[in-house]
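For reference, the structure is listed below as structure tokens.
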Amino acid sequence: HASDAFTRTFVDHQGWFNQFVARKANQVVHMVSGCATIIKKAPTTNVRDESVMKEEEKDEARMLDKFLSSRSIRMDSKGYFLVKLKEKRIFASFHSCMKNANGELCDLQGNKLSCHGKGPEAMKTWSARTAKELTKFIFEDWNDIKDVVSVSHAAYIGREAQRAEFCLYSNIAYQQD
């Protein structure tokens, strides 16, 4: 123990400070000669974190999402995107809805698109490992993007890319919304 009053006061204050810090900390480890002793374990979830949703809040969010998915959305007149998972990757393809003077489906330059009795063939297809990579290819690398996609359509593509990535990494079946 300390031999004089000043040193004892310092030791007391240091102890009080350590107790204060330990109360605020998620985890406390006491180190002696390089050996750790856990004094206070970190909680598995931080109950003080206000960003963690309760089950009731999650249910409300799921209901809202379902409601928003069922609303009527005006189809983009220039085209649509299909997103799917294949070969451990996220694929997105753009299909034109534009029509030339004869009422035939056409590409951005007005050239007739072949449908072969099905929907129109994709004008452009991308393959990516992540949602970020996919949206980079579409929105940063594709020069024609500004001519075919509205802001709301771009937001939709971003959401679908995120959902597809989550399903890909979670081994869950993906279906485009």
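The values are calculated or read from the model by the stated rules, or taken from the named source; none is laboratory data. Not measured: the values here are computed from a predicted model. Reconstructed Cβ throughout: ideal geometry from the backbone, glycine too, with neighbour counts over all protein chains shown. Accessible surface areas use protein heavy atoms only, side chains included; no ligands, DNA or RNA. Shrake-Rupley method; radii C 1.70, N 1.55, O 1.52, S 1.80 Å.
A few comments on the model shown:
- For region 88-115, the candidate set comprises residues that are of a type outside the set (Lys, Arg) and in contact (Cβ under 8 Å) with a residue 24 or more places away in the chain; within that set, the residue that is farthest from residue 129 (Cα to Cα) is 108.
- Of residues in region 68-91 being among the aromatic types (Phe, Trp, Tyr) and under 20 Å from the mean Cα position of the chain (by Cα), the one modelled with the lowest pLDDT: 81
- Looking only at region 5-64, and only at residues there that are farther than 30 Å from residue 177 by Cβ and of a type in the set (Gly, Ala, Ser), the one that is farthest from the chain's Cα centre (by Cα): 5
- Flag if residue 148 is touching a Lys or Arg at 6+ places or on another chain (Cβ under 6 Å) and surrounded by 16 or more Cβ atoms within 10 Å (Cβ to Cβ): yes
- Filtering 157, 73 for residues that are β-branched (Val, Ile, Thr) and in contact with a strand residue (DSSP E or B) (Cβ under 6 Å, 6 or more places away or on another chain) leaves a single hit, 157.
- Top-ranked residue of region 92-121 - restricted to ones that are of a type in the set (Gly, Ala, Ser) and closer than 13 Å to residue 78 by Cα, ranked as modelled with the highest pLDDT: 96
- Strands (runs of 3 or more DSSP E) contained in region 1-99 and holding at least 3 residues surrounded by 10 or more Cβ atoms within 10 Å (Cβ to Cβ) and small (Gly, Ala, Ser): 89-96
- Residue 173 meets the conditions (1) at pLDDT 85 or above; (2) in a loop (DSSP other than H, G, I, E, B); (3) of a type in the set (Gly, Ala, Ser); (4) over 27 Å from residue 66 (Cα atoms) in every case but one. The failed one is (4).
- Answer residue from region 122-143, given it is part of a loop (DSSP other than H, G, I, E, B) and open to solvent by less than 50 Å² (accessible area, probe 1.4 Å) and is modelled with the lowest pLDDT among those: 122
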